[in-house]
Amino acid sequence: MTENFTDIRKDMKALALDVNSDVELLFKEMADVKRKVNKLEKK
């Protein structure tokens, strides 16, 4: 194992941040879709 734990931790932290931003984006998109559906249902 050539990588030290600091590098592994940095990689894990970057991966976690990527996952968090993907999840937030997904929730925002879902909220937009729900708003559009609500507008359509009101018509």
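Values in this text are rule-based calculations from the coordinates and carry no lab data. Given the structure is predicted, the values throughout are model-derived calculations rather than measurements. FYI the Cβ positions are ideal-geometry reconstructions off the backbone, even for glycines, and counts take in every protein chain you see.
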*What is the extension gain from Lys10 to Val37, computed as 0.36 nm multiplied by their sequence separation minus the C-alpha to C-alpha distance, in nm to one decimal?*
5.7 nm
_Quick check for the chain: number of Lys pairs with alpha-carbon distance under 28 Å, counting only pairs 8 or more apart or on different chains?_
8
*So, counting K/R as plus one and D/E as minus one, what does the shell of residues with Cβ under 13 Å around Leu26 add up to?*
-3
_Descending semi-axes in whole angstrom, ellipsoid equivalent of the chain, from the Cα gyration tensor_ = 41, 5, 4
*Contour minus end-to-end for Glu3 and Asp18, with contour as 0.36 nm per residue of separation and end-to-end as the Cα-Cα distance?*
3.3 nm
